[in-house]
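Below is one structure, written out as structure tokens; comments come after it.
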Amino acid sequence: MSFYSLLKINPTPSMHDIEEAFDGNLCRCTGYRPILDTFKSFSAEATSCGSNDSCGSGCGSGEKKLVDFTEFKPYDPTLDVPFPKDLIRDDFQPFIMSKNGITWLEPTSLSDLLKAKRLFPDARLIGGSSEVSIEMKFKAANYLTFFNALSVKDLEDIRVVDDKLEIGCSITLTDLISELKEMTASKSTLEHHKSLYQALLANLKYFASRQVRNFATLGGNIATGSPISDLNPIFMANDALLTILSENGGTRTVPIRKFYLGYRKIDLKPDEILLKVTMDLPKNEMEIVKAYKQAKRKEDDIAIVNGCFRVRLVKEASDYKIDCLDLSYGGLAPTTIYLPSINDKFRGAVWGNDQVLKSIYDELLALINFSYSVSSL
Amino acid sequence: MPTYRRTLALSFFTRFWYQVIKQLKIPNCPPENLHNIDEIERAVSKSSQDFGAINREENSDLIGTTNPHLSGLNQTTGVAKYLDDIPKQQGEVYTGFVLSTKPHAIIKSINAAKALAVPGVVDFISSKDIDPKKNIFGLGHDDEVFASRVVRYNGQLIGLVLAESRSIARYAAGLVEIEYEPLKPIFTIREAIENNSFYDLNRELKRGDIDDSTFTNVDENSVVIEGEMEVGGQEHFYLETHGCLAIPKLEDNEYVIYSSTQNVSEVQKEAAHVLGIPANRVVCKIKRIGGGFGGKETRASYVALATVLAAKKVGRPVRCIVDRDVDMVITGARHPFYGKYKLKLSKDGKFQAYDVELINNAGYSLDLSWAVMEGALFRGVDNVYMFPNIRIRCKLAKTNVTSNTA
């Protein structure tokens with residue numbers, strides 16, 4: 001299924017595309033090699049054995065193989081089962097569907113969504129349901145009313161306005177990745193802005209699996225408030241502002257550093273929705289953002305610890321002095337944490353000085369000195 | 001874990017520190033500090049398999065040749081049918097698990113009234129519905145299909161709610177109320193040692209001349225190496241979880257059982273026992289399983305017996321497919337081991353004597369823990385080596401965790 005969708009989107013995948021499309025698929029019996037080999041026959045980069053270069057084991061030298069791809073019938077797209085036309089929609093109409101006490105709402109405009117949120121304050125806003133389904137199945141949450149967050153197209157925009165990056169909260173992570181990649185590759189993008197895009201891409205690359213990223217939304221990740229969210233440290237380090245809307249309360253903004261009140265507790269009222277995240281882009285090449293994640297395995301795994309750091313340096317004589325240093329971590333506390341005291345204490349310190357590095361270590365050890373095991377969920 | 005997390009926090013910052021130095025070309029940094037600080041990305045994999053070593057046309061012998069898996073084509077094209085692909089049977093009911101939420105406790109009461117009141121719920125089965133002699137299974141005859149008086153691990157099966165649909169069964173199972181009187185649990189091998197909690201199967205395997213003094217009388221020509229080590233357990237992670245479909249044939253008190261098992265004859269034999277009928281009245285079938293790896297060697301019975309007893313009670317086909325999270329909790333994994341060793345060698349590196357003590361964490365019931373220990377005893381400890389003097393002593397820890405298996 002993963003491969004079928006990949007071919008639907010991209011009929012001439014690269015070897016890299018093929019492997020990436022599989023990062024959420026587990027094999028327990030045979031091993032990944034024969035599976036990947038089969039699919040590599042679809043890639044123009046692959047030779048008949050699935051290897052993309054000479055490996056010295058006699059490949060391609062005319063020796064017998066278990067499977068000879070040339071014996072296969074060529075892929076014929078006309079034999080594909082067509083995607084049902086009835087399921088393709090371009091004009092989105094709002095509707096409500098209700099059965100057995102469960103109600104599904106598809107508001108297609110922001111004003112409808114806000115009204116619905118006021119009328120059904122207990123309803124869950126669903127993007128890919130990658131979190132809500134877990135709550136329902138494993139935590140016995142008994143939700144009865146749902147909104148489709150993906151049906152409101154106004155919430156999916158990503159744009160740069162006045163040196164700020166704005167991302168709409170119902171953008172899926174896969175779309176966010178492709179937009180960020182495009183922005184990074186674009187000639188019109190300022191070089192120092194790329195630092196933030198690349199930090200986001202670094203952690204999005206290993207965020208869950210492709211299958212989850214295709215549906216999971218940015219807003220869902222923020223609202224879930226997981227202490228090991230791979231994105232929240234980036235938003236925290238970059239002092240992101242969350243724009244929140246409700247029908248009665250209008251618009252308000254909250255710095256994400258103040259949004260998390262406790263373990264999975266957020267500053268969001270039942271009738272409110274998250275509209276967008278806004279972050280300052282790096283101001284010059286002396287401002288650098290990087291993000292990190294460590295999990296038990298790279299793909300398809302939750303972080304043990306993740307983090308994002310932003311530093312702005314100023315050059316005085318031959319010294320590079322810290323103008324601001326923002327450190328944020330996930331996996332060390334019941335919420336993603338931002339460490340303001342690092343910024344306060346090390347402003348003016350010299351980057352590259354070993355003594356400064358040692359003092360930052362000491363400060364970090366003092367700040368993250370927990371004596372009990374931290375929940376990894 | 002807290003130490004590891006702190007270490008990670010510091011190492012992330014270390015990488016950041018040097019990455020910034022590298023990016024801005026800040027001078028006076030030793031170049032070795034700038035190596036290997038960037039993310040290590042896995043490259044696209046490369047592979048090849050050479051089937052050219054033996055000419056298959058000339059060689060009629062199978063040895064040395066590679067042949068496609070018999071059902072490989074069916075499996076890769078989706079034709080292959082697994083247990084839950086069997087269509088719904090006429091009158092079939094589905095199971096919802098009522099599991100122990102305590103690792104060790106006396107069951108004071110079981111109240112299924114709220115579950116039975118849910119529309120769509122057909123029945124509830126627990127140990128009360130079964131003759132205690134028929135509630136027993138397992139290689140050590142120490143396992144209960146439904147926990148009767150005491151629960152001995154967190155996740156032990158107490159009962160099944162039978163309902164018209166999966167979602168109703170799951171929901172209603174959550175409404176069954178169990179009252180417990182907690183007892184002290186033992187989880188790890190170390191706790192078992194402290195509490196002297198073992199199965200009565202302490203064995204010793206010995207050859208040559210060896211006792212405790214062997215390792216204290218060390219002259220200048222020998223050395224003694226000693227230590228201890230622990231190996232963690234491992235979930236089998238078969239992709240198809242445990243499952244069973246039990247169909248009662250009311251005509252002659254016969255049963256057809258489809259079980260995702262590596263051991264159909266054992267399921268048949270044990271089902272006949274719990275049902276109290278001859279084995280020839282029980283037909284156990286399985287076309288294929290989606291992975292077993294030892295995890296379905298004996299523990300498939302656990303699920304199958306509960307399902308077939310439920311089928312007997314309601315007189316309707318019963319389907320029980322264990323969700324992954326429940327599967328991991330209720331069925332055993334591979335054993336955690338603890339070992340202590342003393343090895344006496346001559347100065348030129350020849351083995352003189354080897355003394356090993358092994359303990360595995362068998363869990364709440366015996367199951368295959370002794371067979372697994374035998375494997376360690378006969379194949380694991382001395383491996384391919386010849387030890388002139390060897391002593392292996394072993395114990396099976398009796399703990400309040402799931403019953404570990406093959």
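The values are calculated or read from the model by the stated rules, or taken from the named source; none is laboratory data. A quick note: this is a predicted structure, and the numbers were derived from the prediction, not measured. Positions of Cβ are backbone-derived with ideal geometry, glycine not excepted, and every protein chain shown enters the neighbour counts.
Residues of the range A:242-262 being crowded, with 16+ Cβ neighbours inside 10 Å and either closer than 19 Å to A:LEU339 by Cβ or within 12 Å of the chain's Cα centre (by Cα) (or both), which ones?
A:ILE256, A:ARG257, A:PHE259, A:TYR260
Looking at the range B:189-202 only, could you name the residues that are modelled with pLDDT of 95 or more, outside any helix (DSSP H, G or I) and out of contact with any Lys or Arg (no Cβ under 8 Å at 6 or more places or on another chain)?
B:ASN195, B:ASN196
What number of residues within the range A:270-289 satisfy the criterion of being over 15 Å from the mean Cα position of the chain (by Cα) and closer than 18 Å to A:GLN198 by Cα?
So the count comes out to 12.
Here's the yes/no breakdown for (1) more than 12 Å from chain B (Cβ to nearest Cβ); (2) under 16 Å from A:ILE228 (Cβ atoms); (3) touching a residue at least 40 places away in the same chain (Cβ under 8 Å):
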{"site": "A:LYS258", "(1), (2), (3)": "yes, no, no"}
{"site": "A:LYS265", "(1), (2), (3)": "yes, yes, yes"}
{"site": "A:GLU287", "(1), (2), (3)": "no, no, yes"}
{"site": "A:TYR329", "(1), (2), (3)": "no, yes, yes"}
{"site": "A:PHE346", "(1), (2), (3)": "no, no, no"}
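Which one is nearest to the other protein chains (Cβ to nearest Cβ), of the residues in the range B:241-261 that are assigned to a loop (DSSP other than H, G, I, E, B) and at pLDDT 95 or above?
Among those that are assigned to a loop (DSSP other than H, G, I, E, B) and at pLDDT 95 or above, it is B:THR241.
Condition (residue is part of a helix (DSSP H, G or I), surrounded by 21 or more Cβ atoms within 10 Å (Cβ to Cβ), of a type outside the set (S, T, N, Q) and touching a residue at least 12 places away in the same chain (Cβ under 8 Å)) applied to the range B:287-296: is it met by at least one residue?
no
Looking at the range B:19-42 only, could you name the residues that are surrounded by 14 or more Cβ atoms within 10 Å (Cβ to Cβ), in a helix (DSSP H, G or I) and at the interface with another protein chain (Cβ under 9 Å from one of its Cβ atoms)? I'd like the intermediate steps shown before the answer.
From the range B:19-42, those surrounded by 14 or more Cβ atoms within 10 Å (Cβ to Cβ) are B:19-22, B:24, B:26, B:29, B:33, B:37, B:39; that's our starting set.
From the residues that got through so far, the ones that are in a helix (DSSP H, G or I) too are B:19-22, B:24, B:33.
Matches in the range B:19-42: B:GLN19, B:VAL20, B:ILE21, B:LEU24.
What number goes with the only condition from (1) outside any strand (DSSP E or B); (2) touching a residue at least 24 places away in the same chain (Cβ under 8 Å); (3) farther than 22 Å from A:LEU204 by Cα that A:LEU176 does not pass?
Among (1) outside any strand (DSSP E or B); (2) touching a residue at least 24 places away in the same chain (Cβ under 8 Å); (3) farther than 22 Å from A:LEU204 by Cα, the lone unmet condition for A:LEU176 is (3).
Do we have A:GLY307 as within 7 Å of another protein chain (Cβ to nearest Cβ), buried (at least 18 other Cβ atoms within 10 Å of the Cβ), closer than 17 Å to A:ALA199 by Cβ and not polar (S, T, N, Q) here? Step through it out loud before you land on a result.
Working: within 7 Å of another protein chain (Cβ to nearest Cβ): yes; buried (at least 18 other Cβ atoms within 10 Å of the Cβ): yes; closer than 17 Å to A:ALA199 by Cβ: yes; not polar (S, T, N, Q): yes.
Yes, satisfied.
Restricted to the range A:165-195, and to residues that are within 14 Å of another protein chain (Cβ to nearest Cβ) and of a type outside the set (Asp, Glu), which residue is farthest from the chain's Cα centre (by Cα)?
A:HIS192
What residue, of B:TYR180, B:TYR153, is touching a Gly at 6+ places or on another chain (Cβ under 8 Å) and either part of a strand (DSSP E or B) or crowded, with 17+ Cβ neighbours inside 10 Å (or both)?
B:TYR153
If we keep just the residues of the range B:141-182 that are of a type in the set (Phe, Trp, Tyr) and touching a Ser or Thr at 6+ places or on another chain (Cβ under 6 Å), which is nearest to B:GLU266 (Cα to Cα)?
Checked the range B:141-182; the qualifying residue nearest to B:GLU266 (Cα to Cα) is B:PHE146.
Which is closer than 23 Å to A:ALA199 by Cα and outside any loop (DSSP other than H, G, I, E, B), of A:SER328, A:SER359?
A:SER328
Suppose we filter B:PHE237, B:PHE198, B:PHE187 for residues that are touching a strand residue (DSSP E or B) at 6+ places or on another chain (Cβ under 6 Å), surrounded by 12 or more Cβ atoms within 10 Å (Cβ to Cβ) and not β-branched (Val, Ile, Thr); which single one remains?
Values: B:PHE237 fails: touching a strand residue (DSSP E or B) at 6+ places or on another chain (Cβ under 6 Å); B:PHE187 fails: touching a strand residue (DSSP E or B) at 6+ places or on another chain (Cβ under 6 Å).
None of the others qualify; the one that does is B:PHE198.
Just name the residue that is farthest from A:ILE234 (Cα to Cα) out of those in the range A:305-340 that are more than 19 Å from the chain's Cα centre (by Cα) and of a type in the set (Val, Ile, Thr).
A:VAL314
So, of the residues in the range A:263-301 that are in contact with an Asp or Glu (Cβ under 8 Å, 6 or more places away or on another chain) and farther than 21 Å from A:ALA237 by Cβ, which turns out to be surrounded by the fewest Cβ atoms within 10 Å (Cβ to Cβ)?
Per the stated criteria, the residue is A:PRO270.
A quick yes/no check of all residues on (1) over 13 Å from B:LEU175 (Cα atoms); (2) at pLDDT below 95; (3) in contact with a Lys or Arg (Cβ under 7 Å, 6 or more places away or on another chain):
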position	(1), (2), (3)
B:THR76	yes, yes, no
B:ILE110	no, no, no
B:GLY120	yes, no, no
B:PHE124	no, no, no
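For the range A:143-165, does any single residue satisfy the condition of being over 24 Å from A:PRO233 (Cα atoms), surrounded by fewer than 18 Cβ atoms within 10 Å (Cβ to Cβ) and aromatic (Phe, Trp, Tyr)?
Yes - at least one qualifying residue is present in the range A:143-165.
Identify the residue in the range A:348-365 that is over 20 Å from A:ALA237 (Cβ atoms) and surrounded by 16 or more Cβ atoms within 10 Å (Cβ to Cβ) and, among all such residues, is nearest to the other protein chains (Cβ to nearest Cβ).
If we take residues in the range A:348-365 being over 20 Å from A:ALA237 (Cβ atoms) and surrounded by 16 or more Cβ atoms within 10 Å (Cβ to Cβ), then A:GLY352 is nearest to the other protein chains (Cβ to nearest Cβ).
As an exercise: evaluate B:ALA306 against (1) under 23 Å from the mean Cα position of the chain (by Cα); (2) modelled with pLDDT under 95 and give the number of the one condition it does not meet.
B:ALA306 satisfies all of (1) under 23 Å from the mean Cα position of the chain (by Cα); (2) modelled with pLDDT under 95 except (2).
Given the criteria buried (at least 22 other Cβ atoms within 10 Å of the Cβ), within 14 Å of the chain's Cα centre (by Cα), under 25 Å from B:VAL121 (Cα atoms) and more than 14 Å from chain A (Cβ to nearest Cβ), does B:ILE330 qualify?
In short, yes.
Considering only the range B:173-188, I want to know if a residue exists there that is more than 28 Å from B:PRO103 (Cα to Cα) and modelled with pLDDT of 95 or more.
No, that holds for no residue.
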